[in-house]
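Visitor: Please see the structure below; I have some questions.
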């Protein structure tokens, strides 16, 4: 007779879901919902379904990465990043693959409500999100292994997540969401940039062709700084070009934190220390996103 899952099992699966990366899934939905609120279209139920589906797709993608990186030999004993459940032997490969399928499947089933509510276009967007979540490290041409991971994250965690969240509530597209998507997509991509900078030496050995492997570490550092500047250009744009109130400048309060992170990116030589920078980059994205959402929602002079 099989015993019930232990607390340690739960902890292993929780760690495998990489909860510290889930900000990249939650923040776009929060910002998109804030813009819907600002325009008088906020709808709680579709917003909650969008948030749950986004989180599940992110977790499913993390499970898939854990599985496929192990299968492809990208996770070795020399790994300096956070421990992976499959490569460490804590979760069997078949179990991780099954968890990936189940998580993505639940996301699909819950997403059918959004399809019913907002139309067939949401089905297309949702299916593509699931496919590309798997294709990030799986399939015949894994995006993350061929220098396309950054573009994937920028598009799906920026434009797709923010603009679709607004759409499922307003039932119409809005160009005003485009600018917020740029900021959110930029900061979500920076989480990946730190990850790739940390792992570039090992990735080069295992044949994983990230931008860091192809262009060098300084290219990643420049990308990180450039994306930071892009994100901080968006709040002033809302105020001075789109006519939003000065509340939209609230994200500028995080400038000291982002200055610190950029100094760390350019000065750290011991790549093990980048694990801390990765966590702080996710935290910084969360703070920026929450302040942006607050400022955009309270769009009154």
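The values are calculated or read from the model by the stated rules, or taken from the named source; none is laboratory data. None of these values were measured; they are calculated from a predicted model. A quick note on method: Cβ atoms are made from the backbone with ideal geometry, for glycine too, and the neighbour counts reach across all protein chains shown.
Visitor: Considering each residue of segment 163-177, count those that are farther than 15 Å from residue 121 by Cα and in a helix (DSSP H, G or I), and give that number.
Guide: Of the residues in that region, 2 qualify.
Visitor: Among what's in segment 93-131 and is touching a residue at least 60 places away in the same chain (Cβ under 8 Å) and farther than 19 Å from residue 16 by Cβ, pick the residue that is surrounded by the most Cβ atoms within 10 Å (Cβ to Cβ).
Guide: So, considering only residues that are touching a residue at least 60 places away in the same chain (Cβ under 8 Å) and farther than 19 Å from residue 16 by Cβ, the one surrounded by the most Cβ atoms within 10 Å (Cβ to Cβ) is 111.
Visitor: Let me ask another. Consider residue 238 carefully, then state whether it is in contact with a helix residue (DSSP H, G or I) (Cβ under 6 Å, 6 or more places away or on another chain), under 23 Å from residue 137 (Cα atoms) and part of a helix (DSSP H, G or I).
Guide: So residue 238 does not fit the description; no.
Visitor: Same structure again: Going by what's in this entry, would residue 243 be described as within 17 Å of residue 293 (Cα to Cα), out of contact with any strand residue (DSSP E or B) (no Cβ under 6 Å at 6 or more places or on another chain) and modelled with pLDDT under 95? Even if it seems obvious, please write down each step before you answer.
Guide: Values: within 17 Å of residue 293 (Cα to Cα): yes; out of contact with any strand residue (DSSP E or B) (no Cβ under 6 Å at 6 or more places or on another chain): yes; modelled with pLDDT under 95: yes.
Considered against the rule, which asks whether it is within 17 Å of residue 293 (Cα to Cα), out of contact with any strand residue (DSSP E or B) (no Cβ under 6 Å at 6 or more places or on another chain) and modelled with pLDDT under 95, residue 243 comes out as yes.
Visitor: Moving on. Determine whether segment 257-276 contains at least one residue that is surrounded by 21 or more Cβ atoms within 10 Å (Cβ to Cβ) and within 30 Å of residue 39 (Cβ to Cβ).
Guide: Yes, that holds for at least one residue.
Visitor: Follow-up. Any residue in segment 38-55 that's in contact (Cβ under 8 Å) with a residue 12 or more places away in the chain and at positive phi: show its pairings with residues that are surrounded by fewer than 21 Cβ atoms within 10 Å (Cβ to Cβ) and part of a loop (DSSP other than H, G, I, E, B) at Cβ separation under 8 Å, as long as the two are six or more apart or on different chains.
Guide: That search, which allows pairs on different chains as well, returns nothing.
Visitor: Which members of segment 37-53 meet the condition of being surrounded by fewer than 24 Cβ atoms within 10 Å (Cβ to Cβ) and in a helix (DSSP H, G or I)? Show your work before the answer.
Guide: Residues of segment 37-53 surrounded by fewer than 24 Cβ atoms within 10 Å (Cβ to Cβ): 37-49, 51-52.
37, 38, 44, 45, 46, 47, 48, 49, 51, 52 - these are the residues of segment 37-53 that are surrounded by fewer than 24 Cβ atoms within 10 Å (Cβ to Cβ) and in a helix (DSSP H, G or I).
Visitor: Please verify whether segment 62-72 includes one or more residues that are under 30 Å from residue 234 (Cα atoms) and modelled with pLDDT under 95. Walk me through it before giving the result.
Guide: Of all residues in segment 62-72, those under 30 Å from residue 234 (Cα atoms) come to 62.
With the extra rule that they be modelled with pLDDT under 95, the set shrinks to 62.
Yes: segment 62-72 contains one or more residues that are under 30 Å from residue 234 (Cα atoms) and modelled with pLDDT under 95.
Visitor: Within 19 Å of residue 24 (Cα to Cα) and either in a helix (DSSP H, G or I) or in contact with a helix residue (DSSP H, G or I) (Cβ under 9 Å, 6 or more places away or on another chain) (or both), is that true of residue 287?
Guide: yes
Visitor: Which condition number does residue 243 fail, the rest of (1) outside any helix (DSSP H, G or I); (2) in contact (Cβ under 8 Å) with a residue 24 or more places away in the chain being met?
Guide: It fails just one condition, (2).
Visitor: Free of Cβ contacts under 8 Å to residues at least 12 places away in the same chain and on the phi < 0 side of the Ramachandran plot, is that true of residue 255? Break it down stepwise before answering.
Guide: Details: free of Cβ contacts under 8 Å to residues at least 12 places away in the same chain: no; on the phi < 0 side of the Ramachandran plot: yes.
Answer is no for this residue.
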